[in-house]
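Engineer: Got a structure for you, questions after.
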Amino acid sequence: MTHELQSILARHHDDPTRLLQVLREVQEALSWISPESIDYVADQLNLPRARVEGVAGFYSFLHTNAACRYRLLFSDNITDRMLGNQALLAALCEKLWVERGHLSEDGLVSIDTTSCTGLCDQGPALLVNGWAIPRLDAARLDQIAELILAQTPVAQWPGELFAVEDNIRRADILLGHELQPGDALRAALSRGGAIEAAANARSWREGIPTAEQGALTTLEEIKKSNLRGRGGAGFTTGLKWEACRNARGPLRYVVCNADEGEPGTFKDRVLLTAQADLVFEGMTVCAYAIGASAGKTKGFLYLRGEYRHLLDPLNEVLARRRAANLLGKGILGQAGFDFDIEIHLGAGAYVCGEESALIESLEGKRGIPRNRPPYPVTHGYLQRPTTVNNVETFCAAALVSAQGGDWYRSIGTTKSAGTKVLSVSGDCARPGIYEYPFGVTVRQVLEDCGAANTLAVQISGPSGVCIAVDEFDRRIAFEDLATAGAFMVFDASRDMFEVARNFAHFFAHESCGFCTPCRVGTAMLRTTMDKIAEGHGTLYDLAEIEKLDRVLNQSAHCGLGHTACNPTLDTLKRFRPSYERRLKSQDFEPAFDLDGALAAARRMTGRDDAGAHLSTEDA
Ligand SMILES: Cc1cc2nc3c(=O)[nH]c(=O)nc-3n(C[C@H](O)[C@H](O)[C@H](O)COP(=O)(O)O)c2cc1C
Ligand code: SF4
């Protein structure tokens, strides 16, 4: 074991900021993270053991309990459920003689569920030792069971089991662009005349070297384009880049947020597969604009653990770009323009999509959101200026650099420039990726994807909004329905209470537990939804959900807590009968029958007089 651990640590230069990557590799080598390996890693990295153990315990894809040869995790988004994942999971447990959530006695296999794996367009899906297998059906399940029983190493399983499709159904300026690798960068550099001119030449702007002029003009184009972040919050990209550029310090970081954990969202998976060059090009343009020519800049792409299958292809693209001088030292011959990108793999924690939690995770810590301010643009990775943007934002930024801010701004609506890539899944004939100029109506998307008899659409995942039939003329745009990209369709056969219950379980599972309102509140929400599902709920419980929402909104530490009640409240407002028909009583009864709970005490004391009962007011 020591030899294996030594070489893992050597590969990571005994660098404590790489702790998460080290632990992932330890697990790959040993099939778990044993107590001895924790001791060893802590010792070698000169970290307290509790720190290493804390990180190993935080991420749901890291296992410290026991060695296990095949760990199977069924994706459990509502769309997987609609496609029958529960029956498939039960069937596989039976075939392999294992109880869900437990390790088989021989330590061979464990089967459980995980949050959405970003394969909703080709579900149901599962992960085996972190590798995605989409389009599960009875035949594939038989094949998987046979491979496990024959103890075939996962690396030798047939490749077609792991084939993930892109399912691009509608392309626009982004998915249909004709740029060659380097075009957007060349455009940025040539703005300062930097490609033709000697590196130390002076520009028409007195005192500003050409490289600086190119960076400033590119930044101006990004600002002019009115590009807004595609990760959910919609912050203006140009302002973010400018703030990072203006922050003090010789070192800056560019971070691409490819954590994509919002259930129902898978557009970044496809962008990273079909447009990897554009993503890296956008990051490099960003590095240039925020000051790579003036100081040192480094890039990270934080890839969600569920997209492990993309790691090697993405590293190949990086290698190709280095060879083409699109990364590395003196990019495209521009002296001093040094920038490279490293990929970090997450390990199953939705909260790490929140930018400050992502930065903590990049630093090799538990992914707990930071207090803000200060913001990452001034105090990000290692407390240095850091620009964090979504995968799609970087793609759009590369387009802006190549074709100009005015061109980009002319597409979409006045307040929402450009296009939006949607991940369409659920009840429709053609699930997949659809790119539209901002302003497209929900009705148009439903028509294009072949949805019929639609009851509701969940826009932007559980933390977004649920809309009903009378709202289908609303538009995808920051000024109306802002979205990070998820578009989940539910037809009239679906029960919207069950949809919301699935999302309540998601939030409770993904709460990082750092702050009490969210840790307790999301668990209470889940319990209340389960209680209603079991037929024990009353109107009191529905009112409690509204109270919980207020508490979470006011006091949760990050966006996860703030939005946890959204799907419940939205469906309660629009589909109230699906809640009410489950209620035990339509009265406003408290959740807990205190007087009933005192019955045992009355029996023991032999009292049953009025004084031994709580009056309604007392209760
Ligand atoms: C709980 C939570 C999860 C998030 N997940 C993601 C994600 O997976 N991808 C993403 O780009 N942004 C995510 N965000 C938003 C990021 O914090 C951040 O706003 C975004 O990466 C900024 O990039 P943009 O300006 O390009 O949108 C998440 C936010 C929260 C609160
Ligand atoms: S709101 Fe939830 S996810 Fe966010 S910090 Fe608090 S416990 Fe963690």
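Engineer: Out of the range 327-358, which residues are more than 10 Å from ligand 1 (Cβ to nearest atom), touching a helix residue (DSSP H, G or I) at 6+ places or on another chain (Cβ under 8 Å), in contact (Cβ under 8 Å) with a residue 24 or more places away in the chain and not in a loop (DSSP other than H, G, I, E, B)?
Structural biologist: Of everything in the range 327-358, those that are more than 10 Å from ligand 1 (Cβ to nearest atom), touching a helix residue (DSSP H, G or I) at 6+ places or on another chain (Cβ under 8 Å), in contact (Cβ under 8 Å) with a residue 24 or more places away in the chain and not in a loop (DSSP other than H, G, I, E, B) turn out to be Ile331, Leu332, Phe339, Ile341, Ile343, His344, Leu345.
Engineer: If you take the residues in the range 570-598 that are under 18 Å from Arg526 (Cα atoms) and open to solvent by less than 40 Å² (accessible area, probe 1.4 Å), which one is nearest to ligand 2 (Cβ to nearest atom)?
Structural biologist: Asp570
Engineer: What pairs come up if the first residue lies in the range 233-262 and is more than 18 Å from Glu360 (Cβ to Cβ) and within 16 Å of ligand 2 (Cβ to nearest atom), the second is assigned to a strand (DSSP E or B) and at pLDDT 95 or above, and their beta carbons are under 8 Å apart, counting only those six or more places apart or on different chains?
Structural biologist: Glu262/Ala486
Engineer: Right, here's the next one. When the residues of the range 150-166 are filtered to those that are within 28 Å of the chain's Cα centre (by Cα) and aliphatic (A, V, I, L, M), which remaining residue is nearest to Asp106 (Cα to Cα)?
Structural biologist: Checking each candidate, the answer is Val154.
Engineer: For the range 18-60, how many residues are in a loop (DSSP other than H, G, I, E, B), in contact (Cβ under 8 Å) with a residue 24 or more places away in the chain and open to solvent by 40 Å² or more (accessible area, probe 1.4 Å)?
Structural biologist: Residues of the range 18-60 that are in a loop (DSSP other than H, G, I, E, B), as a first pass: 31-34, 46-48, 59-60.
This time we only want the ones that are in contact (Cβ under 8 Å) with a residue 24 or more places away in the chain, so: 31-34, 46-47, 59-60.
Subsequent filtering for residues that are open to solvent by 40 Å² or more (accessible area, probe 1.4 Å) retains 32, 46, 60.
Of the residues in that region, 3 qualify.
Engineer: Can we say Arg366 is out of contact with any Lys or Arg (no Cβ under 8 Å at 6 or more places or on another chain) and either within 30 Å of Gly192 (Cβ to Cβ) or part of a strand (DSSP E or B) (or both)? Before the answer, list the steps.
Structural biologist: Values: out of contact with any Lys or Arg (no Cβ under 8 Å at 6 or more places or on another chain): yes; either within 30 Å of Gly192 (Cβ to Cβ) or part of a strand (DSSP E or B) (or both): no.
Here the answer is no, as Arg366 does not meet what is asked.
Engineer: Still on this structure, I have one more. Of all the residues that make up the range 547-569, how many are open to solvent by less than 30 Å² (accessible area, probe 1.4 Å) and more than 24 Å from Ala533 (Cβ to Cβ)?
Structural biologist: 2
Engineer: Being open to solvent by less than 40 Å² (accessible area, probe 1.4 Å), out of contact with any Pro (no Cβ under 6 Å at 6 or more places or on another chain) and not in a helix (DSSP H, G or I) is the filter here, so list the residues in the range 61-82 that pass it.
Structural biologist: Selection gives Phe61, Leu62, His63, Ala66, Cys68, Tyr70, Arg71, Leu72, Leu73, Phe74, Ser75, Asp76.
Engineer: Something else now. Please list, ordered by first then second residue, the pairs with beta carbon atoms under 9 Å, 6 or more apart or interchain, first in the range 265-287 and over 16 Å from Ile343 (Cβ atoms), second at pLDDT below 95.
Structural biologist: Within 9 Å, the pairs are Cys286/Ala292; Cys286/Thr297.
Engineer: Taking the range 556-587, which residues are in contact with a strand residue (DSSP E or B) (Cβ under 7 Å, 6 or more places away or on another chain) and at pLDDT below 95?
Structural biologist: If the condition is that a residue be in contact with a strand residue (DSSP E or B) (Cβ under 7 Å, 6 or more places away or on another chain) and at pLDDT below 95, then Leu583, Lys584, Ser585, Asp587 are the ones that fit.
Engineer: All but one of (1) open to solvent by less than 40 Å² (accessible area, probe 1.4 Å); (2) over 30 Å from Pro373 (Cβ atoms); (3) among the hydrophobic types (A, V, I, L, M, F, W, C) hold for Ala492; state the number of the condition that does not hold.
Structural biologist: Exception for Ala492: condition (1).
Engineer: Among Gly535, Gly521, which is the only one that is assigned to a loop (DSSP other than H, G, I, E, B) and in contact (Cβ under 8 Å) with a residue 24 or more places away in the chain?
Structural biologist: Working: Gly521 fails: assigned to a loop (DSSP other than H, G, I, E, B).
Only one candidate passes the filter, namely Gly535.
Engineer: Next up: Under 8 Å between Cβ atoms, which residue pairs at least 6 apart in sequence (or on different chains) link something in the range 543-557 that is not assigned by TED's automatic domain parsing to the domain that holds Ala508 with a partner that is open to solvent by 50 Å² or more (accessible area, probe 1.4 Å)?
Structural biologist: Note: no pairs meet the criteria.
Engineer: Is there any pair linking a residue in the range 6-17 that is closer than 17 Å to Glu342 by Cβ and in the same structural domain as Glu28 (by TED's automatic domain parsing) to one that is open to solvent by 50 Å² or more (accessible area, probe 1.4 Å) and outside any helix (DSSP H, G or I), with Cβ under 8 Å and at least six apart or on different chains, and which?
Structural biologist: Sorted first by the residue in the range 6-17, then by its partner, the pairs are Pro16/Asn46.
Engineer: All but one of (1) open to solvent by 10 Å² or more (accessible area, probe 1.4 Å); (2) within 15 Å of ligand 1 (Cβ to nearest atom); (3) out of contact with any Cys (no Cβ under 6 Å at 6 or more places or on another chain); (4) modelled with pLDDT of 95 or more hold for Cys395; state the number of the condition that does not hold.
Structural biologist: (1)
Engineer: On the basis of being within 16 Å of ligand 2 (Cβ to nearest atom), under 30 Å from Ala556 (Cα atoms) and in the same structural domain as Ile222 (by TED's automatic domain parsing), does Tyr350 make the cut?
Structural biologist: Details: within 16 Å of ligand 2 (Cβ to nearest atom): yes; under 30 Å from Ala556 (Cα atoms): yes; in the same structural domain as Ile222 (by TED's automatic domain parsing): yes.
For Tyr350, the condition - within 16 Å of ligand 2 (Cβ to nearest atom), under 30 Å from Ala556 (Cα atoms) and in the same structural domain as Ile222 (by TED's automatic domain parsing) - is met.
Engineer: Read through the list (1) within 19 Å of Asp259 (Cβ to Cβ); (2) part of a helix (DSSP H, G or I); (3) not charged (D, E, K, R), then give the number of the only condition that Ala319 fails.
Structural biologist: (1)
Engineer: Can you name the residue in the range 406-459 that is closer than 21 Å to Gly123 by Cα and free of Cβ contacts under 8 Å to residues at least 40 places away in the same chain and, of all such residues, is surrounded by the fewest Cβ atoms within 10 Å (Cβ to Cβ)?
Structural biologist: So the residue we want is Ala429.
Engineer: Would you be able to tell me the number of residues in the range 554-566 that are assigned to a helix (DSSP H, G or I) and either more than 13 Å from ligand 1 (Cβ to nearest atom) or over 17 Å from Gly232 (Cα atoms) (or both)?
Structural biologist: First, the residues of the range 554-566 that are assigned to a helix (DSSP H, G or I): 554-555, 559-563, 566.
From the residues that got through so far, the ones that are either more than 13 Å from ligand 1 (Cβ to nearest atom) or over 17 Å from Gly232 (Cα atoms) (or both) too are 554-555.
The number of residues fulfilling the criteria is 2.
The values are calculated or read from the model by the stated rules, or taken from the named source; none is laboratory data. Not measured: the values here are computed from a predicted model. No Cβ is skipped: glycine too gets one built from the backbone with ideal geometry, and neighbour counts run over all protein chains shown. The protein model used for the area step is the full one, side chains on, heavy atoms only, and it has no ligands, DNA or RNA in it. Shrake-Rupley method; radii C 1.70, N 1.55, O 1.52, S 1.80 Å.
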